[in-house]
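Data first, discussion second: the structure below is written as structure tokens.
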Amino acid sequence: MKSLYTQIVIVCVSLVAVTAISIQTASWWLASEHNKSLLQEQIAGANKSLLHYLQVRQSSLVSSSIVLAADFGFKQAVATRHEPTINTMLMNHGRRIDVELMLLTDKSGQALASNGTQLKPRDYRRLHDTLAGNPLTPTFMALDNHVYRLFAIPVEAPVTIAYLFVGFEVNKALLNQLKDSIGLNLSFVSAKGDYLVSTLDQHVFELDASLLTIDDADWGFGFGRRWETREIMLDKTEAPSVRLLAHADLSAYNDDFKRLTYIIIGLSSVILLLAFISGSRLARRISNPHSALHRELLFRAHHDALTGMLNRGAALDKIAQEVKRAQREKSIYCLFVCDVDHFKQINDQYGHLAGDAVLEEIATRLAKALRDYDVIGRYGGEEFVVGVKVSEPKSRDIGQRLRKAVNGSPIVGKNFSVDITISIGGQLIYPDDEFDTLNEVIEYADQALYRAKKNGRDQVELSSSAMPTKRRINR
């Protein structure tokens, strides 16, 4: 029944534990979904704000730059390759429209002039290869560790004789302005992953290199992570030279999640304790009646209903165990069979209830005459079986003690008083004696009991038959 008690307690505690874990998991999932949705909205807002800014800025730049490319004097200077005139016009026009970069290349991508911005020859080639084929189509490019929003305008006289490249720099001031409106930190990085410009300080990148790493499969907002990075797609370019990253600061979320976790853990601990106490009480109430019933059934299975001592089967099993133990210890064991003399006369004269009372008293007197570790049981009817570990000289003395314990005084009942005697037959079992079953030993004891009855009853007889050896007791 102890296993039933344990199972009930485990079930109660497990149910609470599973519930607590489920609540924690559900809260984590709901918080993650909320923050994913919030970040998506912020990214969409950032994209919209940036595109709006770019459209407003680009529209004015494109119109004014087209005016410059169409200016007769400018086209004449380009056609004649008069660099001083070209440079002056580019610088003046660049200051007027507030752009950081104005460059001029020929049709093959060779540099002709600029507004003062110095680039490497390969950067001119990149500009030409990227933008010349798509005039007036803006794109982001990383040039000389700066990020620019650029577009190309062909200079035609009347055929294309050069390309004018115009762009403004996307700097930290612009990103901070966008950050204030959308609530996200922003970074422009090169396609190779080099840091270019960001609203975050350099030491933040040094402390957390994952800021430039995007794991598209990880939308879990892992517990304890400081930053979550996502990319804002601006240009539909297959191989963009720069990428715009949005960084969500998860510190506040982590703090809230930690507080929620501690609250759930605390409440779960209290509930688990209450569940353990309640489960223990419930299990005790359920299992105790079953335990009592189990003990009662077990007692009835091994004990005689009338006398309360071991029944035949249990007594013989116990004696068989004691015989094996005595033989291992090289000791002698003695088995007695005790039979009440003239018991039928008591039943006939006083009735079966009186006979039952006599048997109960005899069982009590026999038990008192034995040691605690000796074995006694009701063999059947008015017969009792006794097993004791004893030396050979004292075996008869123990038999006499049992006999005298019974006939020492009359047994008095409600309507009777009788003098009772018993006859006892015993068999000694030596260390080398082995039997197939204990019933063979009982046969020898019964032979001795028969002699005691034949010789006048109220006697103790020990079997004189030689005990066979090299046979096994197996009960």
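The values are calculated or read from the model by the stated rules, or taken from the named source; none is laboratory data. In this text, all values refer to a predicted model and were calculated from it rather than measured experimentally. Counting neighbours? That spans all protein chains shown, and the Cβs are built from the backbone with ideal geometry, glycine included. With ligands, DNA and RNA removed, areas are computed over all heavy atoms of the protein, side chains included. Shrake-Rupley method; radii C 1.70, N 1.55, O 1.52, S 1.80 Å.
Note on SER391 and ARG312: their simple-model spin labels are 3.6 nm apart, each label 7 Å out from Cα toward Cβ. Report, in listed order, any pair from LYS368/LYS404; LYS318/LYS389; LYS75/LYS107; LYS48/LYS192 with a Cα-Cα distance greater than 21 Å. Pairs exceeding the cut-off: LYS48/LYS192.
For region 346-475, DSSP calls about 75 percent of its internal beta bridges antiparallel.
Stretching the chain fully between ILE66 and SER14 yields a gain of 11.2 nm (0.36 nm per residue, less the alpha carbon separation).
Per residue, the chain exposes 53 Å² of solvent-accessible protein surface, assessed with a 1.4 angstrom probe and all protein chains in place.
Expressed as a whole percent, the accessible surface of the chain that belongs to carbon and sulfur atoms is 54, based on a 1.4 Å probe. Computed from the C-beta positions of MET233 and SER181, the FRET efficiency with R₀ = 22 Å rounds to 0.70. With mean projected area of the Cα convex hull in nm² in mind, check (1) 25.9; (2) 22.7; (3) 42.3 and report the label derived from this structure. This structure yields the entry labelled (3). ILE265 label point, 7 Å along Cα→Cβ, cut-off 18 Å on backbone N: hits in region 5-47? Only 17-29 pass the distance filter. Heavy-atom accessible surface of ASP458, to the nearest 10 Å², is about 50 Å², with a 1.4 Å probe and all protein chains retained.
The solvent-accessible area of PHE299, taken with every protein chain present and a 1.4 Å probe, is close to 110 Å². Ranking TYR53, LEU101, VAL147 by Cα position along the charge dipole of region 45-151, where only Lys, Arg, Asp and Glu carry charges on their C-beta atoms, puts TYR53 farthest toward the positive end. A straight line joining the Cα centroids of region 320-344 and region 384-407 runs 9 Å.
Take the Cα of THR437, step 7 Å toward its Cβ, do the same at LYS344, and the gap between the two points is 2.6 nm. Annotation for region 135-203: trypsin sites (Lys or Arg not before Pro) lying in DSSP loop with at most 15 further Cβ atoms inside 10 Å of their Cβ are LYS192.
Across region 171-185, computed HN-Hα scalar couplings (Karplus, 6.51 cos²θ - 1.76 cosθ + 1.60, θ = phi - 60°) run 10, 5, 4, 5, 5, 5, 4, 5, 4, 5, 8, 10, x, 10, 6 Hz from first to last residue, x flagging Gly and Pro. Sorted largest first by accessible area at a 1.4 angstrom probe radius, with every protein chain in place, the residues GLU434, GLU228, GLU461 fall in the order GLU434, GLU461, GLU228.
In a simple Cβ point-charge model (Lys, Arg +1; Asp, Glu -1; nothing else charged), the chain has a dipole of about 960 debye relative to its Cα centre. Segment THR85..GLU296, full-extension length gain: 64.2 nm, with 0.36 nm per residue of separation and the alpha-carbon distance subtracted. Relative to the Cα centre, the charge distribution of region 336-411, modelled as +1 at Lys and Arg Cβ and -1 at Asp and Glu Cβ, gives a dipole magnitude of about 400 debye.
Based on Cα contacts under 8 Å between residues 6+ apart, the chain shows a relative contact order of 12 percent.
The 1.4 Å probe gives accessible areas that order LYS330, LYS75, LYS324, largest first, as LYS330, LYS324, LYS75.
From its DSSP helices (H runs of at least four residues, each -39,500 (n - 2.57)), the chain gives a residue-normalised ellipticity at 222 nm of -18000 deg cm²/dmol. The amide H of ILE161, built 1.01 Å from its N in the peptide plane, has VAL155, GLU156 as neighbours under 5 Å, considering only residues 5 or more places off or on other chains. Between ASP256 and GLN447, the modelled labels are 9.6 nm apart [label points 7 Å from Cα along Cα→Cβ].
Quick one: work out the % antiparallel among DSSP beta bridges in the chain, nearest 5. Provide the component values of the computation, followed by the final result.
On the way: 62 of 66 bridges.
About 95 percent, rounded to the nearest 5.
The order of CYS12, CYS334 by accessible area, most exposed first and with a 1.4 Å probe, is CYS12, CYS334.
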